[in-house]
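Read through the structure below, which is laid out as structure tokens, and then see the notes.
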């Protein structure tokens, strides 16, 4: 092969690679263009509202005590948990406008664009996460090796506690001297519960955040997690079905619950097929586990 032929061959290869790159970029833009502009804007906002968690660095401890020593049997035994893999969690519960943009409808009883979405099942929540993952990849907002999913119980309690070891991330007690019945003056600044709920859902983030910047983790809506329900942490293979339906763990307590149920360690079961106007979801963004 002559030098001229070699140059032409190299140039031809370079041209083909350039054309392939351009074609890929055009295809990506075309794919993103298939998503309505309003949906892309909502997804961008959603992506910007994640808080990056890097256990073992700076303010994020590698370990924490999960559960409550001497507390309700569902929160025992208290045990040490170690986290080693970074992840991101949304600072807000999923609002209704994002759910509707992804799923095509709004199931909520208490309507409001930035109100937390409710009245959907655990299975619906997983469907939302899967569809949001596909849309965000299509819009180049996350990588192909990333996904949107429900948090595990461990991830949820770790972020709710935000480095604290007290019953609430803001301290030992939800009440002040003189509070009676459902009144919880300290908690009022951080969450919606049966003592201060007004009968209609507010926008997400209306109360104060916890020390790491997460809102509405003490109340407003209970939140789905990925875990199958176990009566206690000591049971590894607990029966999780009631009437043939698998039960999952929800966290946080809600506007329907007394302040005692809004503690960081509080947990309860819910059927995968059950929907409630006091149950919502908060998402995690993370690398796909290998």
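Read the figures in this text as sums done on the coordinates, not as results from a lab. Just so you know, these numbers come straight off a predicted model, no measurement behind them. Virtual Cβ from ideal backbone geometry, glycine too; neighbours counted across all protein chains shown.
Antiparallel as a % of all DSSP beta bridges within region 37-287, to the nearest 5? Working shown, then result.
On the way: 28 of 30 bridges.
Given both bridge residues lie in region 37-287, the antiparallel proportion sits at roughly 95 percent.
Would you calculate the separation in nanometres between label points at residue 289 and residue 260, each defined as 7 Å from the Cα along the Cα-to-beta-carbon direction?
3.4 nm
Tell me whether region 37-287 comes out rounded, prolate or oblate; compute the Cα gyration tensor, take square roots of the eigenvalues as a ≥ b ≥ c, and use a/c under 1.5 as the rounded threshold.
Working: a/c = 1.36, a/b = 1.23, b/c = 1.11.
Taking the square roots of the gyration eigenvalues as a ≥ b ≥ c, region 37-287 is rounded.
Spin-label point model (7 Å from Cα, Cβ direction): what's the residue 63 to residue 236 distance in nm?
Using points 7 Å along Cα→Cβ, the separation is 2.1 nm.
Working out 0.36 nm times the residue gap between residue 277 and residue 34, then minus their Cα-Cα distance, what length gain in nm do you get to one decimal?
Details: separation 243, 0.36 × 243 = 87.48 nm, distance 3.25 nm.
Here the segment from residue 277 to residue 34 would lengthen by 84.2 nm.
Given the DSSP H assignment, sum -39500 (n - 2.57) over each helix run of at least 4 residues in the chain and divide by its residue total; what's the result at 222 nm in deg cm²/dmol, nearest 500? Working shown, then result.
Numbers: 5 runs with 77 residues, N = 290.
Theoretical 222 nm ellipticity from helices: -8500 deg cm²/dmol.
Is the shape of region 29-156 rounded, prolate or oblate, going by the alpha carbon gyration tensor and its root eigenvalues a ≥ b ≥ c, with a/c under 1.5 for rounded and a/b larger than b/c for prolate?
Values: a/c = 2.66, a/b = 1.57, b/c = 1.69.
Oblate, since a/c reaches 1.5 and b/c is not below a/b.
May I ask you to compute the full-extension gain from residue 146 to residue 78, defined as 0.36 nm times their residue separation minus their alpha-carbon distance, rounded to one decimal in nm?
Values: separation 68, 0.36 × 68 = 24.48 nm, distance 3.17 nm.
This chain segment gains 21.3 nm when fully extended.
Kindly put 79, 218 in sequence by how many other C-beta atoms sit within 10 Å of each C-beta, fewest to most.
Working: 79 11, 218 30.
Ascending Cβ contact count within 10 Å gives the list 79, 218.
By count of other Cβ within 10 Å, fewest leading, how are 230, 247, 134 ordered?
So the residues, fewest neighbours to most, are 134, 230, 247.
Please arrange 89, 66, 103 by counting, for each residue, the other beta carbons lying within 10 Å of its beta carbon, fewest first.
Numbers: 89 24, 66 19, 103 16.
Fewest to most other Cβ atoms nearby, the residues stand as 103, 66, 89.
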